[in-house]
Amino acid sequence: MEYEEKRQPAEEPDEEQMDTAVDEEYGADQIQVLKGLEAVRKRPGMYIGSTGPRGLHHLVYEIVDNSVDEALAGYCTHIEVEILPDNVVSVRDNGRGIPVDINEEEGLPAVTVVLTVLHAGGKFGGSGYKVSGGLHGVGSSVVNALSEWFEIEVSRQGHIYRQRFARGDVETDLEIVGDTEGTGTFIKFKADPEIFTETTEYDYDVLARRLREQAFLNAGLSITLTDRRDENDVQSENFCYEGGIRSFVDYINTSRGLTPVHDDIMHFTTVQGDKSAEVAISYNDGYNEIILSFANDVRTVDGGTHEQGFKTALTRVFNDYGKKFNLLKDGDKKLSGEDVREGLTAVISVKLTEAQFEGQTKGKLGNTEITGLVSKMLYDKMMTYFEENPSVAKAIFNKALDASRAREAARKARDNARRKSALESNALPGKLADCTDKNPENTEIYIVEGDSAGGSAKEGRDRNIQAILPLWGKMLNVEKARVDKVIGNDKLTPVIMALGTGIGDDFDITKLRYHKVVIMADADVDGAHIRTLLLTFFFRYMRPLIEHGYVYIAQPPLYKISKGKKHVYAFSDEERDREIEEMGGSCDIQRYKGLGEMDPQQLWETTMDPNYRTMLRVTMEDAMEADETFSILMGDKVEPRRLFIEKNAKYVENLDI
Ligand code: 0RA
């Protein structure tokens, strides 16, 4: 799992702090240029989100996105991404090639301007760049600024043009280095280790995932990823899907081992002026909903107007269809959103000019005009589809009706129970060691696996603001459970009780008793399991908890390194080696196999003290990934699980499922 590094809040560029010294050699335009890229190097996080692994991979996406835009404009069919030795990355496309003629305004070749001026991409784009996305709306100049070196080759007008840069500065002028019949753009860069201090090593799977997604979203576009870092073990995949987002839905179902209840994947599209919308839908025999949404090929993890339009219309389709064909019997309730999304896999993709990305992590689409576009399309086309395919419609409708009846039965059973269930009373779980402060804004709860670690945490904590809840009991397979089963589970009930919010449709964030919900588990396979379970549970039944950024993962150290009276903690193998070197020669290294090995004082010092600890804040992407992992590990199908374990075998010593 990859987590977001804890981030400082985004800051505005500080004009005063930027260098104002004017070098005689430069004209006003060039000074502007220098200032722009300097700002990127000074505050890289503002442009690529972080300087951790996420930001590093973002560099590749920025470059690839430009080539995808060229494909969207209809001029590029193939993109080739390579990871080369020393973590150099190259991206080649067969588009028109970035223009090389002299730009009047700047007096420089257009390609040079594109790579040295912030946000220059659109200037030359014209109509081809209408639907350009990009997480932060920045482009290749940012990548150039953050690269130790950056090289571009443009094939255009019969020639190959080349230019080199170092940390955003021009190193060689644009020159013709050969002739060619073809056209295209070839970019090669090395991320600057001065910026990406944590790591400059790419994760093949992370890149593959994103590139596969781009291929799904642009039907017919061919993207190849090749890893050449180890010449004896070259890894390569081609992603090209004629079926587009339909293939995407099929891929999700297959990789999670889901069994569809109908053969065809529904696919609806609409275009209106400069806006377009597309959805692919299928139902499986499970209980969970998987909706992936995109705006301009950018994943919107927090949904937004397109997802809202989709959900509203879907509920209306089922209820209107049921009414029209008299499928709802006496005593049946109207189908709820939860009912009609049980067992749903859907991909929603919209394209529009000037997409507004909202929310803390810019993961939510805000354009209100999109809601109606998606809901009208889905309502009209799915209704027609249901009428033309009655057997599919019946199968899907009955599934939703089953869901509704099961939910209603569970509700009645709860209502009829003589005593209020523990959940509905304000009781707190017996094992909870609560804090004294009752203001949720000040308080945190540590959910700890294992009684001995729970004991240390209770003793070591700041009891004023830190509550401890040790987990015990049997894990529930939430894959196969509806809400009522989750409520009865002995591992999850205390969590629900302690947080105070309720779950599912009843979830109420204003009742949350702690604004930091910290998962504290060992750094081993069992710990990974409990993290995956809890994140999946939060994602499915308490999603706003994650959307508000209230969920964290504690980071206990892996090593204690001591020499004489001095000791330090290390949180990774690299850090351990660095510390050993710093201390020099013979020191004592203790490896912590689990939280339970730390005494209360150590646990407080290293993991819980708000002044010194590091915690990872869980993002929606993390939670979705956990949900996916969980599906694969807990599902019925042997094949996806075998593939998963095989792929992850190198990280997993003994996985008992
Ligand atoms: C603007 C105009 C033209 C091409 C491009 C941009 C372009 C940019 C990138 C970035 C990566 N690959 C790219 N391929 C093309 C061409 C305009 C024309 O030829 O008329």
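A few notes on this one:
- Note on region 277-353: Rg/Rh from Cα positions, Kirkwood definition for Rh, rounded to two decimals, is 1.04.
- Derived value for region 538-577: Kirkwood hydrodynamic radius 12.8 Å. Basis is the mean of 1/r over every pair of different alpha-carbon atoms.
- Under 18 Å from LYS376, Cα to Cα: lysines that are on another chain or at least 8 residues apart: LYS275, LYS311, LYS351
- Stokes-Einstein diffusion for region 196-330 at 37 °C, viscosity 0.692 mPa s, with a Kirkwood radius from C-alpha pairs, works out to 185 µm²/s.
- Among the protein heavy atoms, those of THR112 account for about 10 Å² of accessible surface (1.4 Å probe, every chain in place).
- In region 291-393, the GluC sites (Glu not before Pro) that fall in loop regions by DSSP, at most 11 other Cβ within 10 Å: GLU354
- Given their separation in residues at 0.36 nm each and the Cα-Cα distance between them, ASP490 and ARG228 gain 89.4 nm when the chain is fully extended.
- Of the two radii for the chain, the radius of gyration is 0.99 times the Kirkwood radius, both from the alpha carbons; that is the Rg over Rh value.
- Placing a pseudo-label 7 Å from each Cα along the Cα-to-Cβ vector at VAL271 and ASP173 gives an inter-label distance of 4.4 nm.
- Across the chain, the relative contact order, built from alpha-carbon pairs under 8 Å that are at least six residues apart, equals 10 percent.
- Accessible surface, the chain, averaged per residue in Å² (probe 1.4 Å): 47 Å²
- In region 590-635, chymotrypsin sites (Phe, Trp or Tyr not before Pro) in a DSSP loop with at most 14 other beta-carbon atoms within 10 Å: TYR612
- Zone residues, region 548-568, relative to GLN360, backbone N less than 19 Å from point 7 Å out along Cα-to-Cβ: 548-555
- Heavy-atom accessible surface of GLU441, to the nearest 10 Å², is about 140 Å², with a 1.4 Å probe and all protein chains retained.
- Computed over region 148-195: relative contact order in percent, which uses C-alpha pairs under 8 Å that are six or more apart: 44 percent
- Amide H contacts of ASN284: VAL261, LEU344, THR345, each under 5 Å away and 5 or more positions distant or on a separate chain (H built 1.01 Å from N in the peptide plane; Pro and chain starts excluded).
- GLU151 accessible area, assembled protein chains, probe 1.4 Å, Å²: 30 Å²
- Calculated FRET efficiency for the pair THR384/THR254, C-beta based, R₀ 25 Å, to 0.05: 0.35
- The alpha-carbon of LYS511 sits under 18 angstrom from the alpha-carbons of these aspartates and glutamates, leaving out residues fewer than 8 places away in its chain: GLU424, ASP434, ASP437, GLU441, GLU444, GLU547.
- Overall form of region 578-621 per C-alpha gyration tensor (a/c, 1.5; a/b vs b/c): prolate
- Computed from the Cβ-Cβ distance with R0 of 25 Å, the FRET efficiency linking ASP506 to LYS323 stands at 0.40.
- Computed E for LYS431/LYS334 - FRET, C-beta separation, R0 51 angstrom, nearest 0.05: 0.80
- Alpha-carbon Debye profile of region 318-458, log10 I(q)/I(0) at 0.12, 0.20, 0.22 Å⁻¹: -0.88, -1.16, -1.30
- Amide H within-cut-off set for GLN356, under 5 Å, with H built and near neighbours excluded: GLY366, ASN367
- Karplus (6.51, -1.76, 1.60) ³J(HN,Hα), θ = phi - 60°, over region 53-67, in Hz, Gly and Pro reported as x: x, 4, x, 4, 5, 4, 4, 5, 4, 4, 5, 5, 4, 5, 5
- Here's the picture: a label point sits 7 Å out from the Cα of THR197 along the beta-carbon direction, and within region 591-610 nothing has its amide nitrogen under 16 Å of it.
- Considering all C-alpha pairs of region 132-284, those separated by over 25 Å amount to 52%.
- Exceedance of the 32 Å cut-off in Cα-Cα distance is limited, within the set LYS334/LYS381; LYS458/LYS566; LYS399/LYS474; LYS334/LYS485; LYS485/LYS560, to LYS485/LYS560.
- Protein accessible area in the chain, 1.4 Å probe - carbon and sulfur %: 46 percent
- Antiparallel beta bridges, as assigned by DSSP with both residues in the chain, represent about 75 percent of the total such bridges.
- Solvent-accessible surface ranking, highest first, for TYR321, TYR161, TYR287 at 1.4 angstrom: TYR287, TYR161, TYR321
The values are calculated or read from the model by the stated rules, or taken from the named source; none is laboratory data. In this text the structure is predicted, and so the values were computed from the model without any measurement. Virtual Cβ from ideal backbone geometry, glycine too; neighbours counted across all protein chains shown. With ligands, DNA and RNA removed, areas are computed over all heavy atoms of the protein, side chains included. Shrake-Rupley method; radii C 1.70, N 1.55, O 1.52, S 1.80 Å.
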